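The values are calculated or read from the model by the stated rules, or taken from the named source; none is laboratory data. None of the values given here were measured: they were computed from a predicted structure. In this analysis, Cβ positions are derived from the backbone assuming ideal geometry, glycine residues included, and neighbour counts consider all displayed protein chains.
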Amino acid sequence: MVENRKSNKNWLRVRRVVDVPLREVSGICLRRSRNGQMFLIAVGDRVAKIAWFCEPRSDAARIDWHTRNIAKLSGSMLPKHDSQIEAVCADGLGRVLLLQETPPRVELIDPEALKVVASIDLAVEGRGEIARAWSDPKGSRGEGMVLLPGGHLLVAKEKKPAALIEFGPSHSRSRGLVRGGALAAGERWPIKKGHHRFVALAIWFPDKTLAKTCADFSDLEIGPDDFFYLLGDKSSTIARLDDLPAGGGTAALLDAWRLRVVRSWGSTRASRAEISCC
């Protein structure tokens, strides 16, 4: 149960604000190496470009951004402009997974070799509510993702309805996600090169408390405590979730924190990203 959600202890304060060398930020993630080093990776959907930096030891230390144009990746189907990239995550080898909302698919890229390792179509089969919404050209699809062991992928469907969906190869079994059960730091996400088709293996809908706390599901991340976290954009909330049982069911809220929004996001020259902590 969430306690004292309106108290000051459940408000996050801004520790630092940094400029991101992208026109717009549509997704961010952390890449964790085996030696404990972490990299923050950002991606925009207006132009096919990624930016990243190695996290400094001190909050006041200088941040050195690196960028890479991914519009001309060998084997990529991403358009140069309005790429519809909504989320990003990375495995321990530094390979980056990009999630497109329309069409619903992902590309696993090697940013050093500037090539696509694998492309994956994401399908929700059947005639249920999620399947209908997923196939609707005007519907809401993926907005965040987390890598799971065994080559599976957990995706956040933003709204109408909001849900968490586990994708994997057809005929494979759902893994779910327990604390500490995401892809381990420094590990390679196992997938063969080439084109693949993943199907929805499990779906979790928010319980009443989570649905009230997070009006939409905008991004996902695994925290340093190995818990699973969800960002709600409209509600300006970061939520810590309970384990997701294999096979689907209900996503339950453990705790939540509000973000103090002091200005609008984005600018004509560079996007602004806020690094916040409790």
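Things to note:
- Selection status of Leu164, of a type in the set (A, V, I, L, M) and in a loop (DSSP other than H, G, I, E, B): no
- The condition (being part of a loop (DSSP other than H, G, I, E, B), of a type outside the set (S, T, N, Q) and under 27 Å from Ala252 (Cβ atoms)) is satisfied by just one residue among Gly186, Gly180, Gly150: Gly180.
Yes or no, residue by residue, for (1) basic (Lys, Arg); (2) more than 21 Å from Ser218 (Cα to Cα); (3) touching a residue at least 60 places away in the same chain (Cβ under 8 Å):
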{"residue": "Arg16", "(1), (2), (3)": "yes, yes, yes"}
{"residue": "Cys29", "(1), (2), (3)": "no, no, yes"}
{"residue": "Gln37", "(1), (2), (3)": "no, yes, no"}
{"residue": "Leu40", "(1), (2), (3)": "no, no, no"}
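- When each of Ala256, Ala246, Ala215, Ala239 is tested for being at pLDDT 95 or above and assigned to a loop (DSSP other than H, G, I, E, B), the lone residue that passes is Ala246.
- If you go through segment 61-91 and keep only what is farther than 19 Å from Lys115 by Cβ, in contact (Cβ under 8 Å) with a residue 12 or more places away in the chain and assigned to a loop (DSSP other than H, G, I, E, B), you end up with Ile63, Trp65, Asp82, Gln84.
- Tally of residues being over 14 Å from Ala123 (Cα atoms) and either surrounded by 18 or more Cβ atoms within 10 Å (Cβ to Cβ) or in contact (Cβ under 8 Å) with a residue 24 or more places away in the chain (or both) across segment 136-155: 9
- Residue match in segment 88-102 (condition: farther than 18 Å from Cys29 by Cα, out of contact with any Gly (no Cβ under 9 Å at 6 or more places or on another chain) and charged (D, E, K, R)): no
- Extreme residue, surrounded by the most Cβ atoms within 10 Å (Cβ to Cβ), among residues of segment 42-95 that are among the acidic types (Asp, Glu) and farther than 18 Å from Asp219 by Cα: Glu55
- Residue in segment 167-187 that is among the β-branched types (Val, Ile, Thr) and under 22 Å from Phe228 (Cα atoms) present: yes
- Odd one out for Ser267, checked against (1) closer than 19 Å to Leu164 by Cβ; (2) modelled with pLDDT under 90; (3) of a type in the set (Ser, Thr, Tyr): (1)
- Hits in segment 97-126 (condition: hydrophobic (A, V, I, L, M, F, W, C), free of Cβ contacts under 8 Å to residues at least 60 places away in the same chain and closer than 22 Å to Asp219 by Cα): Leu98, Val106, Ile109
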